[in-house]
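Here's the structure, in structure tokens; my notes come after.
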Amino acid sequence: MQLMGIKFKSIAFRWLINTFLLVVAVVILVGVIVSAIYGSLCVERVRSLCEDYSYEFSALKNATPETFEDVAFALTDSFAYKTKLEVQVLDTNGRMLVSTTAFQTYGEKMPDYESAKTSNDGIATFRGENSGGESIFACTNIVKNSKGEILGAYRWITSMELIDKQIHYFIFFVILVGIAVLGLCAFSGRFFIKSIVIPIQDVGNIARKIAMGDFESRIEIKSDDEIGELCDAINYMASELSSAETIKNDFISSVSHELRTPLTAIRGWGETARMSVGSDEELVTRGLDVVLSEAERLGNLVEELLDFSRMQSGRLSVNTRPIDVSELLSTTASMYTELARQQGIELSYTAAMSATVLGDPDRLKQVFVNVIDNAVKYTEKGGLVLVTQQIEEACVRILVKDTGVGIPAQDIDKVKEKFFKSNKTVRGSGIGLAVADEIIKQHQGLLFLESTEGVGTTVTIVLPLYEEETEPNLEDEDLIRLDELAQSLEVSASQETLEQEENDTLNNIKEQ
């Protein structure tokens, strides 16, 4: 539904309800109050002037009932403001005796006179129209002598035509000002709404495109305010999604290749072994060895994917116990010595003294395998892989250094991220190092890399050493002191018991 082209649930409609209508109400209220105050001030000003002009008629109170009419004629003749207002003198019956305009009217309604007769101060005003339809302002003052006797009244009357026009002009001016204020508010509000609604609509449109897979769409940033920050955040999100999409596609391609290679080998050697059964036992044995090797490779890849899934869901756990990390590292390095030699790479492990850490041997071996395997994979023929161990204060530092291709400087901070592969020509899923980093973190350790492209890479693993808790040793003198203290406590307890028994016996004798 729409109102004046504005949707009910839109920001523009909420602004119309919450702001513009409130401004309209405030402008109307202020206009009414200002107009009422101005009109009241004008009327009060007129009354003040008329009372000043007609003040000389208050001398009627000094007259007597017999001289009241004569005094009234005398004051009327000498009245100097006849052109400004009319003053009428009334008798006790409300009949006009004389008027400053020399015109006597009969039958004219005088509401102010009727009200003045019953008021406490003898004064009443009337604001309205006379019998001729003219807008007037009248005021009646009851005249009493010193004894409190009513002698009559004098009533002044002035036309309000000019004052009403002035008030109308002022109200018209107030209306124009109010319309101008509302117009300015509407214009600024429209500009404000456009500065918010249009960018938000752009954000919505771009967000829909991004949701449909168009990660190259971007929002034009036109301001540095919160809307600009939102647009920048949407653009950043699109960039990250685009990067994630690229990494995902590379990961799928890499994993597909990793799965296809061993499957091809298994299928080929399986068929070869089947055809060679009974004729070439050596070939069958060789084929089965390849099948088993590739099957193990597939199993490792699947286990790596499962570990990554557990890491993502927070279910990657370690079962720690005190282990000799030196022995574990030596076993892992020896696994790759022959493989490295076959590839023309020298793998050197420097044995070190035993180092006990609190860890999960299977998980730590998984980390060592991943790091050493990467070092061998990325090192070319004739290169060197050096595995060393150093025991420092409260920790053991394991370094795996190679002379391989290295990592570009722009990728060094990303290599531990999921799915990321700096060198896509080398086999691997791109998640092994991310899982290894998570395992080391769960062991309260650190894993970090240093690399120079074309020179080599050094992976450093730092693990805290395990210190076995020991029972405190007590010297012979300490044991003697503890024995003496125990004996003294026993003696004190026995004395307290004897004293209690004696007190109980004495109490019994007294009672008897």
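Rule-based calculations on the coordinates, nothing more; no lab input. Quick caveat: nothing in here was measured; it's all calculated off a predicted structure. Cβ atoms come from the backbone with ideal geometry, glycine included; neighbour counts cover every protein chain shown.
I want the local charge near residue 444. Using Cβ-Cβ distances under 14 Å, sum +1 for each Lys or Arg and -1 for each Asp or Glu among the other residues.
That works out to -2.
Through the Karplus equation 6.51 cos²θ - 1.76 cosθ + 1.60, θ set to phi - 60°, convert the phi angles of the range 392-401 into ³J(HN,Hα) values in whole Hz; use x for Gly and Pro.
Values, residue by residue: 10, 5, 6, 7, 10, 10, 10, 10, 10, 10 Hz.
What distance in nm lies between label points placed 7 Å from Cα along the C-beta direction at residue 263 and residue 32?
In this crude spin-label approximation the distance works out to 8.1 nm.
Give me the extension gain from residue 120 to residue 338: residue separation times 0.36 nm, minus the current Cα-Cα distance, reported in nm with one decimal.
66.0 nm
Work out from phi, with θ = phi - 60° and the Karplus expression 6.51 cos²θ - 1.76 cosθ + 1.60, the ³J(HN,Hα) of each residue of the range 357-368, listed in order in whole Hz, and give x for Gly and Pro.
Karplus-based 3J(HN,Hα) across the range 357-368 equals 10, 8, x, 9, x, 5, 5, 5, 5, 4, 5, 4 Hz.
Going 7 Å from the Cα of residue 413 toward and past its Cβ, which residues in the range 193-234 have a backbone nitrogen under 20 Å from where you end up?
Backbone N within reach: 232-234.
Along the charge dipole of the range 104-210, which of 153, 183, 204 sits closest to the positive end, that is, farthest toward it, with unit charges on the beta carbon of Lys, Arg, Asp and Glu (+1, +1, -1, -1)?
204
What FRET efficiency comes out for residue 277 versus residue 232 if R0 is 60 angstrom and r is the Cβ-Cβ distance? Round to the nearest 0.05.
0.35
Cα centroid distance between the range 21-55 and the range 215-243, in Å?
If you average the Cα positions of each part, the centres end up 56 Å apart.
FRET efficiency for residue 453 and residue 352, Cβ-Cβ distance as r, R0 = 30 Å, nearest 0.05?
0.50
With each label point set 7 Å from Cα along the Cα-Cβ vector, what nm distance links residue 209 and residue 441?
Here the modelled spin labels are 3.5 nm apart.
Please give the FRET efficiency for residue 170 paired with residue 77, using the beta carbon to beta carbon distance and R0 = 30 Å, rounded to the nearest 0.05.
For residue 170 and residue 77, the calculated efficiency is 0.20.
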